[in-house]
Amino acid sequence: MCAKAHAARPAYKGAAVVATDLLRRLLTLLGGVLGGLFAAGGARAVDLPADNAEAMFHSYNGGGVTANGPALLVRKSIADRVSLSASYYVDSVSNASIDVVTTASPYKERRNEYTFGADYVYRDSQITFGLSSSKEPDYTANRYSLDISQETFGGMTTVSLGFTRGSDQVGKHDAPEFADIATHWQYRVGVTQILTPRWIASANFEAISDDGYLGSPYRIARVFGAAVPERNPRTRSSRAMNFRVNGDLGSRDAVHLQYRYFWDTWAIKAHTVELGYSRYFGDKWLTDASLRYYRQGHALFYSDNAQTETTYVSRNRQLSTFDSVGLGAKVAYTWRKVPGRYEVKLNGGYEYVRYKYSDFTDIRTGTPYGFNAGVLQLYVSATF
Amino acid sequence: MNMSLHHRLSRGTRWVLCAALGLAAGSALPVVTPTTLAPDFTLRAMAGPNMRLQEQRGRVVMINFWATWCGPCRQEMPHLNRLYQKYGASGFVLLSVNVDDDTRNAADVAAKLGVTFPVLWDTDKKVSRLYDLATMPSTVLVDRDGKVRYVHRGYLNGYEDTYEKQVRELLK
Amino acid sequence: MSRRLLAFTVLSTMLLGGCAIQPWVKPYERERLADPIMAFSRNTLPERHRDHVRDVREGARGATGVQGGGCGCN
């Protein structure tokens, strides 16, 4: 008993050091949480993620842009201690969006993304290392991440901490003299809590900091009606808080609710609300329906047609005031199943999204821009 | 800002001590510990008549609590099967208590896993509560006098060797 | 804000770890929660893709539970 009390205190003290540097803060928080929780002991074990494989065809079509491609993922556990995963994702983009069409000419491009992950389980903790590399002709993005999750309180509460560091190389077609970099730091913390035998909730917080070239070398801004290259700040710091609740409704169905609030140093504030419903039909069918509403306010330096000279100016519609409504449906069919051995499912999902901009005009018509998009996903998933 | 945090922390230290002591106290003594008598129960069996723990006196009993939705439970089934077939004739009995709500599905899964030992239904979770299960799966080893000797929480690769060693020891 | 968050997370975790409150949902009562439809995350690839599609078009990012990569998508 004494030993437990002693073990708890130093760990807490370690975590209590108030650090100004965000990284040191994260590490000490990590030490405190893990130290305190390891002291609590318990022989419970968290499961390694199940072995599985997924093969997907994805397609996005909207606003003059189409992006299709395959994606593959394999996950396998080794010696019951480590679970390794690897995935490959391709985006074949054909871009004739309003920006491209009004300021340049349509183009085609291919992006490849590789990710690797390793999950390690020890008692009630799970540690995940991740590496990801995305390459397209004018942009390379590399990420590495570390996530730790810890089950506590009889397995009713799971606390997780995560960290990602990214470093990008920005280039420009036909302009080898243009070369810049962007670096990203992401810190996340989350808590998942079992509320009742039928309800589970989670709260997540993520802070992202970007540094470097954060715009696009092709994008044009408008100042006094004239086209000028956009000027973005070289730093951006954002925060997002996400709350989710899942509830079992008793007749082999479940409801999902989600709300996220986002805010950043570019003065963008965004709300996301999502409602979902899942239901089993018979032994083999699972269907999901979802409704998502997203709304954001524009960045400080965003303007459709700036009437003053400012240090930063952008006409990037991703930073404008707009909202979007998405309606989605998914179906999964259990093709082969041997309980305890393997299971193969065929899945298909489609989401229809309507984007409506308030302060971005379609210069071809002079009215606020809006477009519809369709997102299709067809995939085979197997657990073994 | 710094000051208020430090103030909060020194008050917080008292909470931490409470938490740490509470940890010790809060982890209440489980009902089922080595050297206590294993609580008696009677449950419906998947195949055959109801089974009562008390009737197994004189034999070494392994009570294994499992569910179809618990991965490690399914993983340890083949090992338990092996143990049952090896020592069943020497006075060893394995009672596997299933806590699923849907017994039909559980029977299906048990059959597919090739289970040969008795499977008992605890759908209303009475026995699980009686034994105050802290994890899934949980394995309790009871000796010939009905006393609890070993309690295993969870299942990790290699546990089956410990089970075998302990069963052999109790069978002597 | 983040210092308060730090103190809150550590304190709440320590408190949750001990004291007199016992976990009120026992391990054998978690059958419904173990069902895939109750999971916050089901299949990795479709979720990563959906997150990517939104990241490219929306100003908001993060806290979705998906650890994604970056890209130069305009």
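The values are calculated or read from the model by the stated rules, or taken from the named source; none is laboratory data. Predicted, not measured: the structure shown is a model, and the values here were computed from it. As a convention, Cβ positions derive from the backbone with ideal geometry for all residues, glycine included, and neighbour counts pool all protein chains shown.
Observations
- Count of residues meeting criterion [exposed (fewer than 15 other Cβ atoms within 10 Å of the Cβ), modelled with pLDDT of 95 or more and in contact with a helix residue (DSSP H, G or I) (Cβ under 8 Å, 6 or more places away or on another chain)] in segment A:205-264: 0
- Index of the failed condition, residue A:29 passing every other in (1) assigned to a strand (DSSP E or B); (2) at pLDDT below 95: (1)
- Entry remark, segment A:291-300: residues being closer than 22 Å to residue A:363 by Cα and either surrounded by fewer than 21 Cβ atoms within 10 Å (Cβ to Cβ) or of a type in the set (Val, Ile, Thr) (or both) number 2 in total.
- Answer residue from segment B:116-151, given it is more than 17 Å from residue B:39 (Cβ to Cβ) and under 13 Å from the mean Cα position of the chain (by Cα) and is farthest from the other protein chains (Cβ to nearest Cβ) among those: B:137
- Scanning segment C:1-35 for residues that are modelled with pLDDT under 75, of a type in the set (A, V, I, L, M, F, W, C), assigned to a helix (DSSP H, G or I) and surrounded by 15 or more Cβ atoms within 10 Å (Cβ to Cβ) yields C:7, C:10, C:11, C:14, C:15, C:16.
- Within segment B:54-68, being surrounded by 21 or more Cβ atoms within 10 Å (Cβ to Cβ) and either farther than 23 Å from residue B:165 by Cβ or polar (S, T, N, Q) (or both) holds for B:64, B:67, B:68.
- Qualifying residue in segment A:334-342 (condition: crowded, with 19+ Cβ neighbours inside 10 Å, in a strand (DSSP E or B) and either of a type in the set (Gly, Ala, Ser) or within 11 Å of another protein chain (Cβ to nearest Cβ) (or both)): no
Matching residues to (1) part of a strand (DSSP E or B); (2) over 19 Å from residue A:319 (Cα atoms):
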residue: A:237; (1), (2): yes, no
residue: A:254; (1), (2): yes, yes
residue: A:260; (1), (2): yes, no
residue: A:274; (1), (2): yes, yes
residue: A:277; (1), (2): yes, yes
residue: A:280; (1), (2): yes, yes
residue: A:287; (1), (2): yes, yes
residue: A:298; (1), (2): no, no
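- Scanning segment A:94-109 for residues that are touching a strand residue (DSSP E or B) at 6+ places or on another chain (Cβ under 8 Å) and loosely packed, with under 13 Cβ neighbours inside 10 Å yields A:106, A:108.
- Any strands (runs of 3 or more DSSP E) falling wholly within segment A:47-141 and containing at least 1 residues that are among the aromatic types (Phe, Trp, Tyr) and within 11 Å of chain C (Cβ to nearest Cβ): A:52-62, A:82-95, A:107-122, A:125-136
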